[in-house]
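Novice: Dropping a structure here in structure tokens format, bear with me for questions.
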Amino acid sequence: MTQKPDNLIVALDIGSAWTRVVAADLHEDSLRYRGHGIVASAGMRKGMIADLGPAARAVRAASEQAERVARANIDECAVGVGGPHIRGLNTNGGLDLGRRMREIGPEDVRAAVERARAVERPPDREILHLLPRQFILDGQEGIFDPVGMVGARLEVDLHIATCSGSALQSTVTCANRAGLEVTEAVLEPIAAAESTLSGDERELGVCLLDIGAHSSDLAVFFEGAVAYTASVPIGGAHFTNDLAVGLEVPVAQAEELKREFGNAVVTAVPQEAEIEIAVPRPRRLPVRALAEILEPRASELLYYVKESLRHGGVVEALGAGCVMTGGGAMLPGMLDVAESQLRVPARIGMPVRLPHMPGELVHPSFAAAIGLLLYIQRTRLTRAAEGTSLRAKLRAIFASGV
């Protein structure tokens with residue numbers, strides 16, 4: 001095994017059902033797959049880490065798998081954050097630039113963002129992202145980069161994505177115990193959006209719905225910016241548990257039946273179709289019996305998603321519809337339920353395929369992990385460009401003798 005190369009990027013996605021580690025090289029400004037590992041999660045409860053020991057062992061096992069495939073040491077990662085504890089809020093702030101108009105500098109942008117973020121929040125909330133929706137210069141809206149423009153007052157509409165501080169710390173501690181340093185934490189629906197959404201969808205307005213095992217996280221994009229983030233405490237495990245109770249079968253068998261015969265729309269299942277169940281007693285069941293249990297849960301999930309969107313004031317902003325990711329998105333009929341409830345087009349969000357990446361990773365359940373890699377790539381390239389620009393300005397200043 002080789003030493004960790006400087007251009008290796010690693011994503012860690014600790015889900016309720018599965019723990020995933022994906023590694024890629026940043027090669028000439030593009031990503032190239034190096035390796036991945038996936039193991040069953042442990043120590044999780046209701047979408048959050050409840051027992052650090054088993055959770056850390058699962059992370060370590062997934063990381064070691066990825067190391068073997070990548071033939072490189074993995075000692076740091078970016079981690080995805082999701083679950084029922086995530087929250088988002090929109091705020092506004094600004095500053096007067098003086099009595100006379102002057103050029104806007106990066107420090108003015110930072111000051112405006114600091115004013116906007118200075119809102120009261122519970123002491124246990126941790127800020128994950130400060131995401132400007134737009135800047136307003138002397139009343140002119142719709143500005144995305146005011147640096148270099150001239151004005152007297154600068155304002156910013158800001159989206160603040162937050163999470164539980166204790167939940168975030170548990171995730172970081174879990175990774176540390178597995179031998180990984182966390183370099184960045186990213187909201188999972190924002191990460192998933194990186195690998196699944198087009199620029200047009202972000203502009204027209206779209207809801208990214210990431211259906212996990214115990215919660216469904218969402219992010220709404222409008223006019224190219226994040227307008228809303230939230231979580232609904234219903235996920236794929238609730239569908240499975242409903243089947244286990246309704247059919248009187250073990251949870252593991254209910255999960256298998258859901259994957260093989262499940263459908264979220266009763267009328268999409270032929271009336272005469274039957275399956276044979278051996279446990280706990282031999283019997284035959286109409287396949288529609290599964291859909292009759294799954295459809296109400298699917299309708300409930302999308303109802304709460306719609307109510308969340310209405311609460312955020314973005315239910316009418318979905319010009320490009322809804323994109324569904326996560327393992328739960330693969331249940332047949334979910335797109336039909338989403339279109340019926342939200343009254344917009346819906347599609348499955350498959351992550352983009354990186355060079356050399358196995359086809360098995362082109363699956364909605366890997367959207368967040370692949371998106372994490374793309375998010376880190378973009379931020380690294382942005383920082384490098386900003387650094388180059390600053391160095392160029394400094395060279396120009398010194399060259400002019402100022």
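The values are calculated or read from the model by the stated rules, or taken from the named source; none is laboratory data. Just so we're clear, the structure is a prediction, and the values are computed from it rather than from any experiment. Every residue, glycine among them, receives a Cβ derived from its backbone with ideal geometry; neighbour counts consider all protein chains shown.
Novice: Please verify whether region 253-261 includes one or more residues that are touching a Pro at 6+ places or on another chain (Cβ under 8 Å) and without any contact (Cβ under 8 Å) to a residue 40 or more places away in the chain. Don't jump to the end; show me each part of the working.
Specialist: Applying the first criterion (touching a Pro at 6+ places or on another chain (Cβ under 8 Å)) to region 253-261 yields none.
No, there is no match, as no residue in region 253-261 is touching a Pro at 6+ places or on another chain (Cβ under 8 Å) and without any contact (Cβ under 8 Å) to a residue 40 or more places away in the chain.
Novice: Among the residues of region 192-202, is any more than 28 Å from P84 (Cα to Cα) and in contact (Cβ under 8 Å) with a residue 24 or more places away in the chain? Explain how you work it out, then say what you get.
Specialist: Keep residues of region 192-202 that are more than 28 Å from P84 (Cα to Cα), which gives 200.
Now restrict to residues that are in contact (Cβ under 8 Å) with a residue 24 or more places away in the chain: 200.
Yes, that holds for at least one residue.
Novice: Given the conditions (1) touching a residue at least 12 places away in the same chain (Cβ under 8 Å); (2) surrounded by fewer than 22 Cβ atoms within 10 Å (Cβ to Cβ); (3) not hydroxyl-bearing (S, T, Y), which single one is not true for G88?
Specialist: Failing condition for G88: (2).
Novice: Looking at L154, L130, L158, L243, can you tell me which residue is free of Cβ contacts under 8 Å to residues at least 60 places away in the same chain, within 30 Å of E103 (Cα to Cα) and out of contact with any Cys (no Cβ under 9 Å at 6 or more places or on another chain)? Please lay out each step first, then the result.
Specialist: Details: L154 fails: free of Cβ contacts under 8 Å to residues at least 60 places away in the same chain; L158 fails: free of Cβ contacts under 8 Å to residues at least 60 places away in the same chain; L243 fails: within 30 Å of E103 (Cα to Cα).
Selected residue: L130, the only one of L154, L130, L158, L243 that is free of Cβ contacts under 8 Å to residues at least 60 places away in the same chain, within 30 Å of E103 (Cα to Cα) and out of contact with any Cys (no Cβ under 9 Å at 6 or more places or on another chain).
Novice: I'd like to check something: does region 62-71 contain any residue that is surrounded by fewer than 21 Cβ atoms within 10 Å (Cβ to Cβ) and either within 28 Å of F221 (Cβ to Cβ) or in contact with a helix residue (DSSP H, G or I) (Cβ under 7 Å, 6 or more places away or on another chain) (or both)?
Specialist: Among the residues of region 62-71, not one is surrounded by fewer than 21 Cβ atoms within 10 Å (Cβ to Cβ) and either within 28 Å of F221 (Cβ to Cβ) or in contact with a helix residue (DSSP H, G or I) (Cβ under 7 Å, 6 or more places away or on another chain) (or both), which makes the answer no.
Novice: Is region 289-308 home to any residue that is touching a Phe, Trp or Tyr at 6+ places or on another chain (Cβ under 8 Å), over 17 Å from A237 (Cβ atoms) and not hydroxyl-bearing (S, T, Y)?
Specialist: no
Novice: Let me ask something else. Within region 73-110, count every residue that is hydrophobic (A, V, I, L, M, F, W, C) and more than 20 Å from R383 (Cα to Cα).
Specialist: Initial filter on region 73-110 (hydrophobic (A, V, I, L, M, F, W, C)): 74, 77-79, 81, 86, 89, 95, 97, 101, 104, 109.
Among the residues that remain, those that are also more than 20 Å from R383 (Cα to Cα) are: 74, 81, 86, 89, 95, 97, 101.
Total satisfying the criteria: 7.
Novice: So, one more: Test V39 against the stated conditions and say whether it is modelled with pLDDT of 95 or more, surrounded by fewer than 20 Cβ atoms within 10 Å (Cβ to Cβ) and among the aliphatic types (A, V, I, L, M).
Specialist: On the way: modelled with pLDDT of 95 or more: yes; surrounded by fewer than 20 Cβ atoms within 10 Å (Cβ to Cβ): yes; among the aliphatic types (A, V, I, L, M): yes.
When the stated conditions are applied, V39 passes them.
Novice: Can you tell me which of (1) more than 14 Å from V305 (Cα to Cα); (2) under 17 Å from the mean Cα position of the chain (by Cα); (3) among the hydrophobic types (A, V, I, L, M, F, W, C); (4) not in a helix (DSSP H, G or I) is the one L354 doesn't meet?
Specialist: Condition (2) is where L354 drops out.
Novice: Looking only at residues in region 134-164 that are of a type in the set (G, A, S) and in a strand (DSSP E or B), which one is surrounded by the most Cβ atoms within 10 Å (Cβ to Cβ)? First the steps, then the outcome.
Specialist: Of all residues in region 134-164, those of a type in the set (G, A, S) come to 139, 142, 148, 151-152, 161, 164.
This time we only want the ones that are in a strand (DSSP E or B), so: 142, 151, 161, 164.
Details: G142: 10, G151: 19, A161: 24, S164: 19.
By that ranking, first place goes to A161.
Novice: Oh, and also: Mind telling me which of the residues D108, D96, D13, D29 ends up being within 20 Å of the chain's Cα centre (by Cα) and either buried (at least 23 other Cβ atoms within 10 Å of the Cβ) or in contact (Cβ under 8 Å) with a residue 24 or more places away in the chain (or both)?
Specialist: The conditions single out D13.
Novice: In addition: Considering only residues that are outside any helix (DSSP H, G or I) and surrounded by 18 or more Cβ atoms within 10 Å (Cβ to Cβ), which ones fall in region 292-314?
Specialist: Selection gives G312, V314.
Novice: Could you tell me which of the residues I136, I160 is at pLDDT 95 or above, under 20 Å from A225 (Cβ atoms) and more than 26 Å from the chain's Cα centre (by Cα)?
Specialist: Being at pLDDT 95 or above, under 20 Å from A225 (Cβ atoms) and more than 26 Å from the chain's Cα centre (by Cα) holds for just one of I136, I160, which is I136.
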